[in-house]
Amino acid sequence: MSTVTSGFVEHDGATTHYLDCRPAEGELIEADVPPILFIPGMTDVADDYRKIADHTGRRTVVVDLRAHGKSTAISNWDIDGHASDIDAVARVVIDGPVHLMTFSRGTCYSLAWCSAQSDRVLSLTIGDYPAREIGLTSETADRLLGTTWRGTPVRERVDEVAFEKVVAASVDRPLWHVVDELQVPVTVVRSSANVPMNDADWERYGELGVRRIRYDDSPHDIFRTDRGRYPRLAAEVAADVDRQTAAHRAST
């Protein structure tokens with residue numbers, strides 16, 4: 001079984017919670033293998049992914065974004081505030097480059113971070129979301145707050161007042177240029193749902209030369225019906241990059 005350490009990073013009036021998940025001893029012995037940094041979705045909390053290293057087979061750090069789970073903040077509810085949560089964990093908890101893995105709305109926040117920290121990203125695996133921030137409405141907030149996700153009410157997963165501020169601060173913002181400018185392998189997974197990623201978004205990824213994979217047996221929650229499939233994919237992408245990097249170093 002993997003080991004999980006819970007921690008907090010204080011920054012700019014925010015307290016960002018994260019889980020540092022490591023595979024069972026002996027499963028991955030190379031100390032210098034870059035970790036996966038995972039940014040979950042709109043109604044996710046880090047605790048949903050306590051077993052993620054069982055699937056990735058390498059150190060995986062999961063971030064609770066502001067207003068989610070055990071993370072708090074007093075301001076900066078927009079995309080830049082969320083990117084600062086990612087940056088704080090990446091700077092304090094991880095020494096060196098990362099393989100970035102996202103799910104759903106965690107994607108736009110991750111891309112905002114990537115735009116300033118692309119030199120730290122070795123690969124990017126995107127889970128069922130377009131390369132754009134989607135502006136949300138108060139009706140969307142009410143609907144989400146009234147639902148259940150992963151077996152628990154969303155109201156128990158997020159700070160309701162802060163969540164509404166996050167929604168109010170959201171705007172429609174293209175981020176395709178970030179993907180286009182990345183000089184690393186990018187893989188995107190699409191579910192059977194047509195939201196939040198639509199056909200036009202899917203084609204746009206294709207035009208950018210992104211590797212595209214469909215999970216036609218999954219709803220937007222691409223961790224169904226196989227909980228480990230998406231983390232294993234991100235780990236495979238990371239391993240391919242690591243092998244290529246090692247081969248390049250050996251030849252020079």
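The values are calculated or read from the model by the stated rules, or taken from the named source; none is laboratory data. What you are looking at is a predicted structure, and each value in this text was computed from that prediction instead of being measured. We place every Cβ from the backbone using ideal geometry, glycine too, and count neighbours over all the protein chains shown.
Some notes on this structure:
- Residue identified as within 25 Å of residue 56 (Cα to Cα), modelled with pLDDT of 95 or more, hydrophobic (A, V, I, L, M, F, W, C) and out of contact with any Lys or Arg (no Cβ under 9 Å at 6 or more places or on another chain) among 200, 234: 234
- Among the strands (runs of 3 or more DSSP E) confined to region 1-108, the ones with at least 2 residues that are of a type in the set (Val, Ile, Thr), surrounded by fewer than 24 Cβ atoms within 10 Å (Cβ to Cβ) and modelled with pLDDT of 95 or more are located at 3-11.
- Residue within region 120-128 that is buried (at least 21 other Cβ atoms within 10 Å of the Cβ), in contact with a helix residue (DSSP H, G or I) (Cβ under 9 Å, 6 or more places away or on another chain) and over 21 Å from residue 230 (Cβ atoms) present: no
- Qualifying residue in region 222-233 (condition: surrounded by 13 or more Cβ atoms within 10 Å (Cβ to Cβ), of a type in the set (A, V, I, L, M) and over 27 Å from residue 53 (Cα atoms)): no
- Considering residues of region 150-164 that are farther than 13 Å from residue 69 by Cα and not small (Gly, Ala, Ser) only, the residue surrounded by the most Cβ atoms within 10 Å (Cβ to Cβ): 164
- Count of region 159-204 residues which are of a type in the set (A, V, I, L, M, F, W, C) and more than 16 Å from residue 76 (Cα to Cα): 14
- Residue satisfying condition, being farther than 24 Å from residue 86 by Cβ and touching a strand residue (DSSP E or B) at 6+ places or on another chain (Cβ under 9 Å), within set 138, 170, 192, 123: 192
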